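Reviewing the structure listed below.
The values are calculated or read from the model by the stated rules, or taken from the named source; none is laboratory data. Small disclaimer: the values here were computed from a predicted structure and weren't measured. Neighbour counts run over all protein chains shown; Cβ positions are idealised from the backbone, glycine included. These accessible areas exclude ligands, DNA and RNA; they are computed on the full protein's heavy atoms, side chains included. Shrake-Rupley method; radii C 1.70, N 1.55, O 1.52, S 1.80 Å.
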Amino acid sequence: MRPLDRLVPHDLKTGAGGIGMLVVDFDETCSSKDTTGILMEAALQNRPAHSLSNLTGMAEETNFPNALTANYVTRQRELLSKLLPTADEVIESSPRPYNPQGLSEFLSQMSVFDVEMNAEAIQRGALQGLTLEAARKASALVQLRSHCRDTLDAAVKAGLPVHVLSVNWSRTFLTEALCMNGLLKPLKKEDLAAVEEGRVHVADLLQGSAGFVIGNEMLEHPNGSSSGMKLEALVQCAADKGKVFQWLTEYCNGNGAERKPVIYVGDSVSDLIPLLKADLGLVIGNNALLRRVASCFGIQLRPLATQPKAKVLLTRDAQPGSMLGSEPASNTSIESKVEERLLHLGSGESGVLYCVEDWQEIQDLLMLDARASLESASSKEISESDIRVPKVMVIAGSDSGGGAGIQADLKALFAMGAYGMTAVTALTAQNTHGVHAVHTPPTAFLAQQIDAIMSDIGADVIKTGMLPTAEVVQLVANKLRSQAHPLQLVVDPVMVSTSGHALADGSVAQALLRDLMPLATLVTPNLPEASALLGGMNIRSVEDMEEAAWQLQTLTQCRAVLVKGGHLLDVHGAGTSSLSSQQQQQVQQETVLTQGQTAAASIKHHDASHHSDDVVDVLVDGDQVWRLALPRVVTGNTHGTGCTLASAISAGLAKGLPLLQAVQEAKQYVRTALQVSSGLSIGTGVQRPFNHGYMLTTWTGDRSSSSSSSFGPTSYSHTASVGNSLPSGSSGRRVCPDVIRQAMRVYAVTDPGCNERAGRSMVEAVEQAVRGGATIVQIREKDAGGGSFLATARTAYQVCRSAGVPLIINDRVDIALAVGPDVGVHVGQDDMPAQAVRKLLGPSRILGVSVKTSAEADKAAQDGADYVGCGAVVATSTKDSSVIGLEGLKVVCETSPIPVVAIGGVSGVNAKEVINVGAAGIAVVSAIFSAPNVAVATASLVKIVDSALRDKCREF
């Protein structure tokens with residue numbers, strides 16, 4: 001075992017205890033997206049037109065690459081449903097112990113599958129026509145992750161051996177894509193055998209290069225042509241990666257000198273063997289399948305930022321694992337070959353991997369970049385430059401009526417705490433009666449708008465709306481590909497206005513599928529748009545919506561698809577019969593993600609129970625599916641909801657939220673806006689807008705000024721919440737009570753004394769609480785200095801953000817503003833007044849206030865608080881506070897207009913009683929942070945609280 005600070009000396013080449021080598025995967029580790037499609041497209045364009053008739057199966061289809069990918073995804077999904085437990089089974093047994101034997105068996109079967117699928121793809125002509133020269137040219141289309149190339153180049157210059165290990169079909173393609181010709185040398189299959197047999201030394205193969213590119217390669221004829229039917233198969237699956245990684249550790253680590261630590265960077269399940277065998281395994285990206293497998297087999301995924309570098313201990317054995325046998329005879333079955341190549345995951349490894357957000361974090365680790373070091377942060381003063389501004393550029397049309405288009409986008413972005421910019425694709429003359437005219441500016445002018453923004457202000461996320469022609473779609477796609485760093489992209493495929501006016505010509509759908517959607521983080525079609533994109537698919541049920549989402553995600557290989565079900569008026573044959581035809585056209589869906597809905601893709605119909613009157617959305621990310629349900633909102637003020645939702649999601653992504661949380665918060669924002677605007681009257685037509693800025697201004701007719709409105713219960717609601725409306729005059733609060741109520745369930749509050757007695761740092765405590773399932777975390781460090789507290793809070797924020805858990809700072813508004821754009825604050829009665837805190841924070845951050853009485857709770861709500869912490873319920877040793885008991889808590893819960901979390905002496909012993917009197921959750925200090933195992937203690941509380949909330953909901 002080696003402390004991390006010994007692994008990263010300033011002089012990587014000569015420092016004692018320096019790193020032995022850096023080994024990295026390529027697709028979606030170095031590149032921003034999988035590049036298999038680029039190679040297949042290059043082959044398709046390079047092959048003779050008549051050659052398709054000579055191939056079998058799917059090669060005869062015009063959309064061959066997408067069809068081949070869809071076939072792979074479908075069959076993989078079927079296999080996973082047999083090999084992995086359901087999401088419910090994982091949740092019920094969480095956290096699971098590390099199970100290396102089970103993982104080894106799983107990877108063995110996945111390796112067999114990948115080898116078979118690779119052979120099938122080649123046989124069906126996936127690479128027919130692709131030459132090495134065509135592969136070199138196609139490499140120019142690859143987008144690398146931000147800072148990847150810089151990091152690898154800096155590592156090479158520092159003398160650190162770098163090796164690329166990939167299942168990609170062409171190592172020539174990889175080398176060109178990395179722009180590292182001469183620095184990294186492609187390694188052939190016979191080279192590995194020559195080294196193993198002692199016929200050649202590794203140094204002779206390197207010939208001064210910094211490392212190897214190890215992957216497969218197409219076999220060409222001497223004349224440079226390729227049949228595309230033969231492949232030098234070196235790395236096709238997880239088992240192969242394990243074998244080659246073993247070869248690297250044995251023959252390339254120190255050239256016979258004392259073995260030095262090895263770092264491996266990967267993103268997917270096929271990387272798990274080298275990740276777990278390396279001295280430090282770094283997981284980059286958010287691969288859903290890898291996280292699902294990790295949960296199933298007890299692999300811990302910890303943010304690298306959870307501890308200072310000098311305190312992180314590597315949890316793997318220093319010696320590499322041993323290989324099993326040698327390469328089998330050529331007539332051996334695929335299964336036995338894989339078993340021979342598969343590394344056993346020994347019991348000596350602890351099953352801990354570290355997650356990084358991007359290559360900049362890896363560069364910080366390797367190069368000791370002072371920009372990210374805690375030492376420099378501890379002495380850094382808080383300044384305006386510490387506050388990051390989330391930026392979103394919207395590329396869409398203008399709505400002169402102000403309800404939809406870029407007007408709605410900008411209002412939504414402002415309301416959700418992001419800075420909005422626009423590149424206008426079309427000008428419309430419209431009002432509440434419909435679209436009267438459309439004018440499309442020249443595409444050259446659109447290009448100038450985009451260039452002007454990106455060359456100066458830049459953007460974190462691009463959101464597209466109305467793209468009127470295929471030429472515009474192609475322009476936008478080309479602009480995105482030309483950016484130096486990949487950007488997140490939300491595509492709202494607007495094609496027809498609410499009034500039925502065509503906003504895009506007939507070629508746009510195919511252009512979106514071909515050019516833009518493959519680049520997208522999220523695509524958000526409604527039912528008519530999803531149907532149009534899929535050639536008129538009939539979508540009449542939630543099951544049809546799921547299938548449409550799967551098809552769109554598989555066809556385009558975008559990261560995720562959200563199919564909105566607002567047009568699905570009668571999912572279960574009930575629920576709309578009481579509405580008039582006009583009302584049915586006005587039904588607007590907005591949904592809330594119910595806790596516990598994380599479902600594997602194989603659990604195709606796993607969802608929270610919902611009523612016949614509910615509206616359901618479907619979110620698919622390629623591995624998982626979520627059904628998001630909420631009672632319908634019946635209102636005519638729905639114009640621009642699609643634009644607003646997509647922009648609100650974009651704001652969340654720009655702020656660094658995980659996709660699922662960004663979708664959840666955006667939906668809550670739109671839902672609340674519709675709810676409070678249902679009595680609003682603007683215009684005389686049927687396309688009436690709603691109040692995007694309801695939290696800033698209350699117009700006559702808004703339900704926020706009426707006591708008769710009702711948000712309705714969610715899956716974990718309690719009686720006191722039903723019928724509560726936004727208080728009239730509430731000061732600037734934006735966050736929906738339903739979102740807050742979900743977050744309050746298990747509220748972990750750190751305590752310096754508990755952590756000191758347990759011998760753990762505050763960040764270690766936060767990481768363990770989050771791993772155990774804490775739904776919100778508060779940092780309470782009253783005696784910490786400004787600079788050191790800021791550094792610690794920033795690290796804790798990274799931990800919480802990566803898990804989608806809100807972070808709250810006790811008392812310190814300045815720290816919250818400096819740490820991140822969505823960090824909240826909790827204050828007591830003797831601290832800064834809540835009204836002043838809300839003005840400093842703005843509307844988009846969570847604000848909590850400690851109270852003991854109903855009057856204090858009402859005052860907190862009026863001043864802009866999102867929740868109150870009420871107690872002490874019983875006497876506590878961690879904070880001086882008079883006891884109000886369960887009766888006092890009940891009174892506050894029954895009258896409070898905002899969610900109530902119980903504080904003071906609450907634990908698993910009395911949690912059910914606390915929930916029964918109406919609390920949304922429990923705030924816990926000692927019951928979590930005085931426990932020997934914080935994660936286990938937290939998980940136990942989550943189970944108790946969720947069970948009590950479910951029982952309470954059934955009673956209601």
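Among the listed residues V620, V616, identify the single one that is at pLDDT 80 or above, in contact with a Gly (Cβ under 6 Å, 6 or more places away or on another chain) and not assigned by the TED database to the domain that holds R838.
Result of the check over V620, V616: V616.
Considering each of G864, G888, G908 in turn, give the residue that is touching a residue at least 24 places away in the same chain (Cβ under 8 Å) and within 30 Å of G417 (Cβ to Cβ).
Being touching a residue at least 24 places away in the same chain (Cβ under 8 Å) and within 30 Å of G417 (Cβ to Cβ) holds for just one of G864, G888, G908, which is G864.
When the stretch 54-97 is examined, which residues are found to be modelled with pLDDT under 55 and of a type in the set (S, T, Y)?
T56, T62, S93, S94
Among the numbered conditions (1) modelled with pLDDT of 80 or more; (2) open to solvent by 20 Å² or more (accessible area, probe 1.4 Å), tell me where V352 comes up short.
(2)
Within the stretch 648-656, is even one residue assigned to a helix (DSSP H, G or I), open to solvent by 10 Å² or more (accessible area, probe 1.4 Å), touching a strand residue (DSSP E or B) at 6+ places or on another chain (Cβ under 8 Å) and within 24 Å of G458 (Cα to Cα)?
no
So is V476 of a type in the set (A, V, I, L, M, F, W, C) and more than 14 Å from A509 (Cα to Cα) or not?
yes
Among the residues of the stretch 9-47, which ones are outside any helix (DSSP H, G or I), at pLDDT below 80 and either among the small types (G, A, S) or more than 24 Å from I273 (Cβ to Cβ) (or both)?
Across the stretch 9-47, the qualifying residues are P9, H10, D11, L12, K13, T14, G15, A16, G17, G18, R47.
For every residue, the table says whether it meets (1) touching a residue at least 40 places away in the same chain (Cβ under 8 Å); (2) open to solvent by 10 Å² or more (accessible area, probe 1.4 Å).
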position	(1), (2)
I915	yes, no
N933	yes, yes
A937	yes, yes
S947	no, yes
R950	yes, yes
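State whether the residues of the stretch 124-131 include one that is on the phi < 0 side of the Ramachandran plot, open to solvent by 10 Å² or more (accessible area, probe 1.4 Å) and part of a helix (DSSP H, G or I).
no
Given the conditions (1) open to solvent by 60 Å² or more (accessible area, probe 1.4 Å); (2) over 27 Å from the mean Cα position of the chain (by Cα), and given that K943 satisfies all but one, which numbered condition is not satisfied?
It fails just one condition, (2).
Could you list, ordered by first residue, the pairs with Cβ atoms under 7 Å in which the first is in the stretch 473-496 and under 23 Å from G405 (Cβ atoms) and the second is open to solvent by 40 Å² or more (accessible area, probe 1.4 Å) and acidic (D, E), at least 6 apart or interchain?
Q488/D460
Within the stretch 784-801, identify whether any single residue is surrounded by 21 or more Cβ atoms within 10 Å (Cβ to Cβ) and closer than 21 Å to C893 by Cβ, and answer yes or no.
The answer is no; no qualifying residue exists.
Out of the residues in the stretch 657-673 that are of a type in the set (A, V, I, L, M) and surrounded by fewer than 24 Cβ atoms within 10 Å (Cβ to Cβ), which is nearest to W626 (Cα to Cα)?
Among those residues, the one meeting the criterion is L660.
Give the residues of the stretch 133-167 that are over 23 Å from Y251 (Cα atoms) and either in contact with a strand residue (DSSP E or B) (Cβ under 7 Å, 6 or more places away or on another chain) or outside any helix (DSSP H, G or I) (or both), sorted by residue number.
If the condition is that a residue be over 23 Å from Y251 (Cα atoms) and either in contact with a strand residue (DSSP E or B) (Cβ under 7 Å, 6 or more places away or on another chain) or outside any helix (DSSP H, G or I) (or both), then V142, Q143, L144, R145, S146, H147 are the ones that fit.
Could you tell me which of the residues V472, V494 is at pLDDT 90 or above and assigned by the TED database to the domain that holds P658?
V472
I'd like the residue in the stretch 909-931 that is outside any helix (DSSP H, G or I) and touching a strand residue (DSSP E or B) at 6+ places or on another chain (Cβ under 8 Å) and, out of all such residues, is farthest from V868 (Cα to Cα).
V925
Tell me, yes or no, whether the stretch 759-772 has at least one residue that is of a type in the set (A, V, I, L, M, F, W, C), part of a loop (DSSP other than H, G, I, E, B) and either crowded, with 24+ Cβ neighbours inside 10 Å or modelled with pLDDT of 90 or more (or both).
Checking the stretch 759-772: not a single residue is of a type in the set (A, V, I, L, M, F, W, C), part of a loop (DSSP other than H, G, I, E, B) and either crowded, with 24+ Cβ neighbours inside 10 Å or modelled with pLDDT of 90 or more (or both).
Which of the residues belonging to the stretch 376-403 are over 11 Å from V424 (Cβ atoms), modelled with pLDDT of 90 or more and open to solvent by 10 Å² or more (accessible area, probe 1.4 Å)?
Across the stretch 376-403, the qualifying residues are K391, S400, G401, G402.
Tell me which residues, restricted to the stretch 163-174, are surrounded by 24 or more Cβ atoms within 10 Å (Cβ to Cβ) and closer than 11 Å to G211 by Cβ.
Once the filter is applied, which keeps residues that are surrounded by 24 or more Cβ atoms within 10 Å (Cβ to Cβ) and closer than 11 Å to G211 by Cβ, the stretch 163-174 yields V164, L165.
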